[in-house]
Structures are given as structure tokens and as C-alpha cells.
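Asker: Sending over a structure as C-alpha cells; questions will come in a sec.
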Amino acid sequence: MSAKAAAQVEIKHEVGLHARPSVKFTKLAKTFAADVEVALTPEGPWFDAKSIVKVMAAKAPKGTVLHLRASGEGADSAVKALVALVERDFDEAVEGEAHVRTA
Amino acid sequence: MSGPLRLTGTPASGGYAEGPVFRLESDVASYRPKGSAEGEAAALRTAMEAASEQLAVLAAASAGEAADMLEFQLAMLADVSLSGPAFDAISMGAPADKAWSDALAEQIEGYEAADDEYFRARAADLRDIRQQVLDALTSAGDRTAPPGAILFGEDIAPTRFLATDWSAGGGIALSKGSSASHVAMLARSRGVPMVVGLGSAVKDIGGMALLDAEQGAIVLQPTDGDIESFRKSSTAYGERRRRAEDSVMRPATTGNGVPVHVLVNVADPSDVDRIDIANCDGVGLMRTEFLFGKGLPDEKTQYLAYRTVLEWAAGKPVTIRTIDAGGDKPVPGFTVEESNPFLGLRGIRLSLARPEVFRVQIRALLRAAVHGNLKVMFPMIAVPEEYARAAALFAEEASNLAGAGVPHAMPPLGLMVEVPSVAIAPELFCDAAFFSIGSNDLTQYLMAAARDNTAVAALNSVTNPAVLRLIASVAAFGWLHDIPVSLCGDAGGDPAAIPCLLEAGLRDLSVAPAQLALVKAAIAGVAV
């Protein structure tokens, strides 16, 4: 059986898919057995969502729509979890907030 | 080389260091080829493991931004996509050092070519990773600086800084480098003296040196006279710092004995764990944006956060600013997308446009008010109607709480003076219990220079005569009409701006907690 799943999600993070979010993103992707790929357009090119080198090299700025696809065991949960991470702004909104604003 | 030699540069982290020069460049040791592709691949693998181990040790001992950077470097180094091309080249006959260097060069070029400044800056991380593995290949990384040494080179990698033991003193002197670099930031937070931009006129450097990171200079081959005057300056610097640390305990007064209230700005309730309330006169600005980081917070969450800070302040005043979202701080589900957000729906404008959100915060504030000396202020007020509407919402919610029998209290309601209209015509706002000058926004709106745009940073100066004159007129108006006026922008923590602010008539400054000592020392140096 080969499960497949796909989704897309917009990056809202201020500086896009930068170092810290990319570390979180690839770490999460690696927790799934499925092959997970990302692309910046529906036509690809697709690259390995578990590779920080590839994910960073995409240099996705804020507002980019990330296309995700996965195949194999747990494909559906992998895509759902990664979409949720991006939607939660990589869990960084609070830290990002504190030092942005002065009086 | 004979006689003393003085090189001048730019201070990146203040202080003085006297010690032997340790050349960073001689780290570039030569690599001995291993003779076979298998040998080369094994050497690279071992070097990468050694570099990873060192990074992991540093990461375990670091926190905050340094830890993030190290974790990123570790993840990159562990990714086979990074080293793959190097191992391919080795199988084609390349030596490990060249294969690794070339593979990383390709990545570094990719980042250097990025449009986005943030991604361009990652090239430095990749260069750092490259150097760590090369050091491990040549065992150059094993060369540790003697205690108290002055590290001299073109630039220094953040990991090198973190791996150095600074407990015996020492400093950093760079022919290039930047005071905005990651290392400079680390050096300032650890108190390690650092000078950048010394130029590359002198290559052959060794022996004893004197690093003056207050003026930005290094003296090589110093004479006895040089050493004597250096030690005098160094001692004086140490005394100034000690005095600043001592003076933090005492209430601030100017050189001629005029008392000045120094309060702290708080961005998050956990900030107060690191501050001794005895060292300050209260909280002049508690931001509430942190509560809205992950969407809209409920009343209980807000109430507990406000109560924590009020109880910590033990009766000293705590001024909480109602949510100041918008501008450069979007809040999901609250702020709106705008083409010119600094001039758009932000601060009180947004709160009044979304009263159902604002009322939750108001109830939390009214309930928290019974736990301390609370004051509340509104950000971005431009016209009196905004203040009146916000105050009316407070009154409404207070009577609702009274009807429900919930304990609460009405705090004094003030406003931020940051939109120039308020500063120019303060007489329209006499209903306000107090004014708090938000110097960052007041300056950016007066000078028409966005404070998040480095290209116009020079215009954004609080010491511009127009800005100071406006601040002075607000202070004079407040004095005449018994309306307390304070200031809570970055200018309050800037020793260069403090004399001007005190001359403008201000006697209440709210500053970042880390600047308390410096600010009190600067106040003591002013006579008004």
C-alpha cells in the first residue's frame, strides 16, 4: 500500500523560511517514515523536506506558498503536521514579537 | 619591526586588554594528503564528526541566539546534501580539504547571491562551518590561545569565540570585521573587549600588545610609558564601571542633586525575574504584545500576567500599555494587511475598531488593578475623541464588573505622546492622568523616517533640535498643568541623549533593564 498526501500553505513568518524555522521544519519532517517533498510552485522542482540544505536553498520569503507532498507510511499525518507548523508560524511569534517593538 | 606601533580601528565592544597577540590566520595549516580516495573520505568523515562534536558541546553551553545559530550549523553539517558533492569529488581523486572547500564554496556563493539580506547573511554561517571542518582536517583547531591573549586576525568565527576561554581576560583585534556581526554582539554580552577595522597594513604581528577597545586602538611593542598610561586608562575604565554598578543600587540624582525617576520597560512578565525592584522606581512601560503572539489571549491569561508584574513591583507604579498591534507587529486574527502600516490601523485605532477584543483586555486590567499600583496608557492617540472613547469603555466595563460583584479598581488612564498632533497641541488632552513620550515613534513621525529602514537611520535622531524642542514643550506643558510627563523610548537609555532629555525638563525615564546602571551613571554626570 502506498499512501499519498498533498497540501499547500502560505508562509506568514516575517523573514520567511529562515534558519530557525527551517531547522524546526526539517526536524519535524524527519520524524515521519514517509518521503516528504516541498516545492515553491505546483510544477516543482520538488526537493527533500528532510534536508535543511535543500530547504534553506529554496530561500522562501514571507508570503511564499509552500507545496507539500508525501508518499509512504504516515504520508497524511506528515503533511498535516508540517502544514500545522507553518500555520503556527513555527511557534516563534512570541519570541519574534518581544524585540521588535520599542516605545 | 622596532619601536611601538599603534593601529586604530572602531570599538565593537568596550574595555581594555593587555596580553600576548595570538594570530588567528596561522590557523591555516597545510593539509597532508592521505594517498587514497578511501583515506581522503575517511579523513573528511572524521573531521566532520569532530566539528559536529565541538558544535554540540558549544550548543549545550549556549542559550538564545547563539544556541539557535549553533543548532542551525549542526543541522547543516549533519545533512548529506552538504557533504555529498565533496565525497563525489574525493571519489574522482580530489584531496579532502579541496573537495570540502569547493563543495562549501558553491553553497556560500548561492547564499551570497540571494536577494534577501537575511539569506545573504547565512553565507557567514556556511563559511564558519567550512572553517571548522578544515581546522579539524589540519588539526589547526587544536591550537588554543593562551589565557588572556588578544586574538588578532582578519575576522573571527562565532564558534571560535564561543570555544575560547575568556575567564582570564583577553580581547579581539580584527583587521576587518564589523561591530554589527554576531561575534561583536556576543563580545558585548560577555564583556570581551573587541576592536574592528584595524586595517591590514601590518601582517607580521606578535609579542605583547595593548588593546584599547574604548577608543578603538591596539599598540604593538609598547614602551614602558605606553604600558603605564594604558594601565591608568584601564583602571579608570574599571572604576567607572564599578561606580555604575554601585550606583544602580541608589536612587538616581543629577550631579547637582536633582532627583530623577528611573523606571524599567518590560516586554514579558518573565523579564522581571532578572530585575531587582529595589534598583528602579517601577515599570514605566509594560508592553502587552507578547500576550498576543499566538492570537487573541483570554481574560484570565492577561489578568495573571498583569498581576504577576504588579505583585513583583510591590507597590511601585506599573504602567501597562494597552495592546499596540499593527505597524511592524502583526497579530494573526487581529491586525489587517496595509501598504503603509506605520501610518495605518495600529495601537488604539485598532483597539477601538475591535472593541470586543479591547474589552477583554480592559476587564483583565481592571481586575488586576487591585493587586498593585497600576496605571494604564493608550498607544497612538492622535485626537481627544480616541482617549474619550477608550476611557468610556473602561468606565462601562468597570460598572459591568461592579454589577457582577467582581473585585476591580479603576487605574489612572494616560496616553502615549508619539503622534506629533498630541505633542503640538497637548492642551486638547488635559483629561489624561499622565503623558508618556514614546520617543521612537515620535521621532520617526516627526522626521518622516521609518525606524525599520536603515537607509534613513541617520535621520531618526532624538537629539534633532526639532524633536528636543517638541519634547521640551510637552514637559513644560505637563509641569504647568500638573500632568506627569515621562519618557519610555530608546532615547532614555542612551547616555548621549540623557543630558538633552534632562535639559528638556524630563525627570522620569523608563529604560531597558540592562541599561539601568549606565543610565543612572549618565544622570549623575549631568547638572541641570
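Taken together, the values in this text are just the output of simple stated rules run on the coordinates, not laboratory data. Because the structure is predicted, anything quoted here is derived from the model rather than measured. Ideal geometry is used to build each Cβ from the backbone, glycine not excepted, and the neighbour counts take in all protein chains shown.
Asker: Contour minus end-to-end for B:Asp116 and B:Glu53, with contour as 0.36 nm per residue of separation and end-to-end as the Cα-Cα distance? Let's see the in-between values first.
Answerer: Values: separation 63, 0.36 × 63 = 22.68 nm, distance 3.13 nm.
Here the answer is 19.6 nm.
Asker: Roughly how many debye, to the nearest 20, is the charge dipole of region B:30-138 about its Cα centre, given +1 on each Lys and Arg Cβ, -1 on each Asp and Glu Cβ, and no other charges?
Answerer: Roughly 500 debye, rounded to the nearest 20.
Asker: Moving on to the next point. Considering amide H positions built from the backbone, and no H for Pro or chain starts, which residues 5 or more places from A:Leu66, or on another chain, come under 5 Å of its amide H?
Answerer: Under 5 Å from the amide H of A:Leu66: A:Val9, A:Glu10, A:Ile11.
Asker: Let me ask something additional. Please arrange A:Phe25, B:Phe334 by how many other C-beta atoms lie within 10 Å of their C-beta, fewest to most.
Answerer: B:Phe334, A:Phe25
Asker: Nearest-5 percent of antiparallel DSSP beta bridges in chain B?
Answerer: 35
Asker: What are the extents of the Cα atoms of chain A along their three principal axes, in Å, largest first?
Answerer: The principal-axis extents, from largest down, are 58, 23, 21 Å.
Asker: To the nearest 20 Debye, how big is the dipole of chain B about its Cα centre, given +1 on the beta carbon of each Lys and Arg and -1 on that of each Asp and Glu?
Answerer: Roughly 1240 debye, rounded to the nearest 20.
Asker: If the chain between B:Ala466 and B:Arg190 were fully stretched, how many nm would it gain, using 0.36 nm times the residue separation less the Cα-Cα distance?
Answerer: Length difference between fully extended and current span is 95.6 nm.
Asker: Rounded, prolate or oblate: which fits the protein assembly as shown when a ≥ b ≥ c are the square roots of the eigenvalues of the alpha-carbon gyration tensor, with rounded for a/c under 1.5 and prolate only if a/b beats b/c?
Answerer: oblate
Asker: What FRET efficiency do you get for B:Ser473 and B:Ala42 if R0 is 51 Å and r is their Cβ-Cβ distance, rounded to the nearest 0.05? Walk me through the intermediate numbers first.
Answerer: Values: r = 74 Å, r/R0 = 1.46.
E between B:Ser473 and B:Ala42, to the nearest 0.05, is 0.10.
Asker: Shifting gears a bit: If I take R0 = 35 Å and measure r between the Cβ atoms of A:Glu92 and A:Ala33 in this structure, what FRET efficiency does the formula 1/(1 + (r/R0)^6) give, to the nearest 0.05?
Answerer: Details: r = 27 Å, r/R0 = 0.77.
Efficiency at R0 = 35 Å is approximately 0.85.
Asker: Rounded to the nearest 5, what % of the DSSP beta bridges within the protein assembly as shown are antiparallel ones?
Answerer: Close to 50 percent.
Asker: Something else: Neighbouring Cβ atoms within 10 Å as the yardstick, rank B:Glu418, B:Glu18 fewest first.
Answerer: B:Glu18, B:Glu418
Asker: If you split all Cα-Cα distances of region B:1-141 into 10 Å bins from zero, what percentages do you get per bin, shortest first?
Answerer: Calculated over all Cα pairs of region B:1-141, the distribution is 10, 33, 32, 17, 7, 0 percent.
Asker: Report, largest value first, the span of the C-alpha coordinates of region A:1-55 along each principal axis, in whole Å.
Answerer: Principal axes ranked by extent give 39, 25, 17 Å for the Cα atoms.
Asker: Now a separate question. Residue by residue through region B:479-495, what is 3J(HN,Hα) from phi via Karplus (6.51 cos²θ - 1.76 cosθ + 1.60, θ = phi - 60°)? Round to whole Hz and write x for glycine and proline.
Answerer: Whole-Hz 3J(HN,Hα) from phi for region B:479-495: 4, 5, 10, 6, 10, x, 10, 10, 9, 10, x, 4, 4, x, x, 9, x.
Asker: Another question, then. For the residues B:Cys280, B:Cys488, B:Cys500, what sequence is obtained by ranking on other C-beta atoms within 10 Å, fewest first?
Answerer: Ordered from fewest to most neighbouring Cβ atoms within 10 Å, B:Cys280, B:Cys488, B:Cys500 come out as B:Cys500, B:Cys280, B:Cys488.
Asker: State, to one decimal in nm, how far the label point of B:Glu25 lies from the label point of A:Val65, with both points 7 Å from Cα in the Cβ direction.
Answerer: Distance between label points: 5.3 nm.
Asker: Now for a different question. Translational D (Stokes-Einstein, µm²/s) of chain B at 10 °C and 1.306 mPa s when Rh comes from the Kirkwood sum over C-alpha pairs?
Answerer: Working: Rh = 26.5 Å.
The calculation lands on 60 µm²/s.
Asker: Based on the alpha carbon coordinates of region B:248-524, what radius of gyration and maximum Cα-Cα distance (Dmax) apply, in Å?
Answerer: 17.9, 55
Asker: Please compute the contact order of chain B in relative form: average sequence separation of alpha-carbon pairs under 8 Å and at least six residues apart, divided by the residue count, as a percent.
Answerer: Normalised by residue count, the contact order of chain B is 14 percent.
Asker: Sum up the charges of everything whose Cβ sits under 9 Å from the Cβ of B:Ser439, counting Lys and Arg as +1 and Asp and Glu as -1, but leave B:Ser439 out.
Answerer: Taking every Cβ under 9 Å from that of B:Ser439, the sum is -3.
Asker: How many angstrom lie between the Cα centre of region A:24-76 and the Cα centre of region B:296-348?
Answerer: After rounding, the separation between the Cα centres reads 35 Å.
Asker: Also, I was wondering about something else. What share of Cα pairs, in percent, lie more than 16 angstrom apart in region B:153-281? Working shown, then result.
Answerer: On the way: 6049 of 8256 pairs.
Of all Cα-Cα pairs in region B:153-281, 73 percent lie more than 16 Å apart.
Asker: Work out how much length B:Asp102 to B:Asp88 would gain on full extension: take 0.36 nm times their residue separation and subtract the Cα-Cα distance, in nm to one decimal.
Answerer: Value of the extension gain: 3.9 nm.
Asker: Could you give the nm distance between label points at B:Asn400 and A:Ala81, where each point is 7 Å from its Cα heading toward the beta carbon?
Answerer: 4.1
Asker: Going through the cross-link list A:Lys59/A:Lys80; A:Lys59/B:Lys176; A:Lys24/A:Lys50, which pairs have a Cα-Cα distance over 18 Å in this structure? Intermediate values should be presented prior to the final figure.
Answerer: Working: A:Lys59/A:Lys80 22 Å; A:Lys59/B:Lys176 28 Å; A:Lys24/A:Lys50 10 Å.
Violating the 18 Å Cα-Cα cut-off are A:Lys59/A:Lys80; A:Lys59/B:Lys176.
Asker: Using a Förster radius of 51 Å, what is the FRET efficiency between B:Ala433 and B:Ser339 based on their Cβ-Cβ separation? Nearest 0.05, please.
Answerer: About 0.90, to the nearest 0.05.
Asker: Among bridges DSSP assigns within region A:4-98, what percent are antiparallel (round to 5)?
Answerer: Looking only at bridges with both residues in region A:4-98, the antiparallel portion is about 100 percent.
Asker: Once phi is turned into θ = phi - 60°, what whole-Hz ³J(HN,Hα) does the Karplus curve with 6.51, -1.76 and 1.60 give for every residue of region B:281-298, x standing for Gly and Pro?
Answerer: Karplus-based 3J(HN,Hα) across region B:281-298 equals 9, x, 10, x, 8, 10, 6, 10, 5, 4, 5, 9, x, 10, x, 8, x, 7 Hz.
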